[in-house]
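What follows is a short report on a single structure.
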Amino acid sequence: MKSQYLSVPVSAILSLAAVHPAHAEDGATQLPEVTVTATLLKATPLQDVPASVTVLDSATLRAAGQQHFEDVVGLVPNLNWSGDTNRPRYFQIRGIGELDEYQGAPNPSVGFLVDGIDFSGLGSIGTLYDVDQVEVLRGPQSMRYGANALAGLIAVQSAEPQDEFGGRVDLEAGDYDMRSYGAVLTGPVTALDSAFRLAVQQYQGDGYYHNAYLGRNATDGYNETTVRGKWRWQPADDLRVDLTLLDISIDDGYDAWTLDGSRTTQTDQPGVDRQDSTGGGAHIEYSGWKFAKLTVAVSAADSRIRYSYDGDFGNPQLWAPYTYQYSEEQFRDRTTHSLEARLESQDGGVVNWLLGVYALDLTENLADYTPGLYLDPYAPQNDSQTDGLTDSHFHSRNAAVFGDLDGVLAKHWRWSAGLRAERRTADYNDITTDLVNPGPPLTHDFEPVNHLWGGNASLEYVIDAGQSIYTSVGRGYKAGGFNLGPGLPANQIQFNPESDLDFELGYKAELDDHRLRVDTDVFYMKRKDLQLQTGEQLDPSNPDTFVLYNMNVPSGHNYGLESELTFIPDQVVELGASLGLLNTAYHGLMLDGVVQPDRAQPYAPSWQASGSMTLHGSRGTFLRFDLTGRGSFYYDMPALDPYASHAYVLLNIKAGIKLGSWSADVWVRNVTDRNYTVRGFYFGDVPPDFPNQQFTQLGDPRTFGAGISYAFGSVH
């Protein structure tokens, strides 16, 4: 349970700030250069990328984060995430993205890469231990990642091997029985012209719910293991091979739904949220030809997922004299194999070119069980028993060709244009229970083929060495797909491809002798055949018949603003701020033959903002404050008032000190213990009348902890 001694870490923070007067240890008064690696181009300074990009470097991740990408999402304008799992698995960029576990075969709108390996729709593995950088590219990234990046791309890059021997040991503990142990080792293997890096971390905690029926505190707890390995081989100046291996095991509980929206659950069948992902990749660069550089990237990954929850949110004692027992359990096994090869010019001429091919092979098998029993002693005619089962098999193959040109138009003008064509074939079959008309199971078998295309063009005007203005247009696309789940009507199994057209105008600057960085853009996205989620409860007495499915809506729009600022006025203070403004709407949604009013799209808050202040003191001390907040948003469609989240602002504080090889920090997250929600559903779950009502999942409460690290050699 939550410790009552919040005064301990708060006192430690205040004493650190008071004992060590503010004075930057290294006297740095300039911002470090930030590079973007997730585009098709070589590593490029952030100021030279004509697109809306946020880069969270290792220093920011350590100072503002704690364990998972979830901790720093609030720093990124117009990036949101949905609950319905213990760790966020699905993200939304500019209001576009999947929401939960029930939306069928893999068909993501937001790409999610870890060291170049595709884990789109599997964001639970976004642990931050030994991560060097996270890049978020907003807007369609068809040129970079095709059909899996309609809304944008999130790329997680772990730290690289070092040419000098070094290592680090990290220990951390906090309330709710949180503890973490990690170690990093890196160095050269001179005889093999190589360098290596290995990182291992174990993270555990009880979670933030108490199960009153079972008398347990860890039914929504954490048990997460991260293993990362990298090997860099450079036998010649013009040849480099980077190998990556990872195994990330998320073995968490899932017991977060209550009848009253509190942190005390009553379930007798608490669920699980498990994901064991293993992946590997090779990145090869050869620059020995005068006319071009060859890059080849291959990867493979396998994810085994088990997800379950108590469908009735209760237990036999709570529901007596009614017998009411429902649950859902899913087993997924997803494998991916990808290959990308590209040639690009390297003479730095007036016009540069790039040509490439890409292939992705994905297989997913899903078994979804939904057993249920309802007995009404007063009205036996209402009794029901279901044993829902869906067993589905999905296989897709993506093949793409792409090309890009860029160059100098005049003294201050730069331009670029690219095009990508993609063919996606899929094989899908399932056998599923008919929950509406009990009888023989239903079967479905589809083999659709989608021919898709996208691209981008940009024009940039360089005002001077530190400022530029750009305008761009991009077309994104997303393949059609399938809805999975017992009881879906036949006409709701398939949905069609979606596309969007994005227009941007942006300003980037580094001013005041590289002490001030500004990055601002406005955008307008026109969406066609939106893939949006809706749902209905087929049987009022069976919560497992609340089916969610994607459907196409004729059109919609998403427009807004994104702005980020970083400023170092002197050696003591570092300031940061971000703002995202968003207006969204869908047009022409039809349910039950009736056109619905235009409303905002789900998980699209009208504003998101953050502000940070870091005070640097003598002898390596620092004190950082982070404020993050977002406006209200609808959970699902059709958008209903007042069934939406509430706006909220969170305050996080971290303080630390570094003495030689040793460093230590203390932190408090959600200092004011603000209640806020991350997921919501509107359906009937309480017998005997089963009235429709709102059920919500809460975000993390106030937590605090402390950590200590010992580092040696060149490790960072």
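The values are calculated or read from the model by the stated rules, or taken from the named source; none is laboratory data. Here the structure is a predicted model, which means the values were calculated and not measured. Positions of Cβ are backbone-derived with ideal geometry, glycine not excepted, and every protein chain shown enters the neighbour counts.
If the requirement is being touching a helix residue (DSSP H, G or I) at 6+ places or on another chain (Cβ under 7 Å), of a type in the set (A, V, I, L, M) and in a strand (DSSP E or B), which of these qualifies: 400, 359, 367?
On the way: 359 fails: touching a helix residue (DSSP H, G or I) at 6+ places or on another chain (Cβ under 7 Å); 367 fails: touching a helix residue (DSSP H, G or I) at 6+ places or on another chain (Cβ under 7 Å).
Answer to the check: 400.
Suppose we keep only residues that are among the β-branched types (Val, Ile, Thr) and within 28 Å of residue 170 (Cα to Cα) within region 223-252. Which one would you say is surrounded by the most Cβ atoms within 10 Å (Cβ to Cβ)? Quick ask: steps written out before the conclusion?
Of region 223-252, the ones among the β-branched types (Val, Ile, Thr) are 225-227, 241, 244, 248, 250.
Okay, now just the ones that are also within 28 Å of residue 170 (Cα to Cα), so 225-227, 244, 248, 250.
Working: 225: 17, 226: 23, 227: 16, 244: 21, 248: 24, 250: 27.
Among them, the one singled out is 250.
Note down all Cβ pairs under 7 Å where the first residue falls in region 613-636 and is on the phi > 0 side of the Ramachandran plot, the second is not in a loop (DSSP other than H, G, I, E, B), and they're at least six residues apart or on different chains.
Cβ pairs passing all conditions: 619/657; 619/659; 620/657; 620/658; 620/659.
Every residue in region 253-274 that is surrounded by fewer than 23 Cβ atoms within 10 Å (Cβ to Cβ) and either among the polar types (S, T, N, Q) or within 22 Å of residue 117 (Cβ to Cβ) (or both), please.
Hits for region 253-274 are 258, 262, 264, 266, 269, 274.
Check 665, 673, 689, 626 and return the single one that is in a strand (DSSP E or B), farther than 25 Å from residue 581 by Cα and of a type in the set (Asp, Glu).
Residue meeting the stated conditions: 665.
Among the numbered criteria (1) buried (at least 17 other Cβ atoms within 10 Å of the Cβ); (2) under 24 Å from the mean Cα position of the chain (by Cα); (3) more than 25 Å from residue 179 (Cα to Cα), which single criterion is violated by residue 687?
(2)
Pairs, please: C-beta under 8 Å, at least 6 apart or cross-chain, first residue under 11 Å from residue 86 (Cβ atoms) and in region 199-210, second surrounded by fewer than 20 Cβ atoms within 10 Å (Cβ to Cβ) and of a type in the set (Ser, Thr, Tyr)?
From region 199-210, the pairs are 209/264.
Taking the residues in region 646-662 that are outside any loop (DSSP other than H, G, I, E, B) and among the aliphatic types (A, V, I, L, M) as candidates, determine which candidate is nearest to residue 602 (Cα to Cα). Before you say what the answer is, go through the steps one by one.
Step one: filter region 646-662 for residues outside any loop (DSSP other than H, G, I, E, B), giving 648-659, 662.
Restricting the remaining residues to those that are among the aliphatic types (A, V, I, L, M) gives 649-651, 653, 655, 657, 659.
Working: 649: 20, 650: 22, 651: 25, 653: 30, 655: 36, 657: 42, 659: 48 Å.
Restricting to residues being outside any loop (DSSP other than H, G, I, E, B) and among the aliphatic types (A, V, I, L, M), the top hit is 649.
How do the pairs read when you match residues in region 396-421 that are under 29 Å from residue 335 (Cβ atoms) with residues anywhere that are polar (S, T, N, Q) and outside any strand (DSSP E or B), using Cβ under 9 Å and keeping only pairs 6 or more apart or on different chains?
396/107; 398/148; 402/142; 420/142
Rundown of residues vs (1) at pLDDT below 95; (2) in a loop (DSSP other than H, G, I, E, B); (3) more than 23 Å from the chain's Cα centre (by Cα); (4) of a type in the set (Val, Ile, Thr), yes/no style:
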position	(1), (2), (3), (4)
298	no, no, no, yes
317	no, no, yes, no
327	yes, no, yes, no
334	no, no, no, no
338	no, no, no, no
347	yes, yes, yes, no
355	no, no, yes, no
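In the set 379, 341, 320, 359, which member is of a type in the set (A, V, I, L, M, F, W, C) and surrounded by 15 or more Cβ atoms within 10 Å (Cβ to Cβ)?
341
Among (1) crowded, with 20+ Cβ neighbours inside 10 Å; (2) of a type in the set (S, T, N, Q); (3) under 27 Å from the mean Cα position of the chain (by Cα); (4) not in a strand (DSSP E or B), which single condition is residue 277 missing?
It is condition (4) that residue 277 fails.
Assuming residue 569 fulfils every condition listed in (1) at pLDDT 95 or above; (2) of a type outside the set (Phe, Trp, Tyr); (3) within 20 Å of residue 509 (Cβ to Cβ) apart from one, which condition is it?
So residue 569 meets the others, but not (1).
Which of the residues spanning region 19-40 are more than 18 Å from residue 59 (Cβ to Cβ), at pLDDT below 65 and of a type in the set (A, V, I, L, M)?
19
Return a yes/no flag: does region 291-306 have any residue that is out of contact with any helix residue (DSSP H, G or I) (no Cβ under 9 Å at 6 or more places or on another chain) and free of Cβ contacts under 8 Å to residues at least 12 places away in the same chain.
Let us first name the residues in region 291-306 that are out of contact with any helix residue (DSSP H, G or I) (no Cβ under 9 Å at 6 or more places or on another chain), namely 291-302, 304, 306.
Then keep just the ones that are free of Cβ contacts under 8 Å to residues at least 12 places away in the same chain; that gives none.
No - not one qualifying residue is present in region 291-306.
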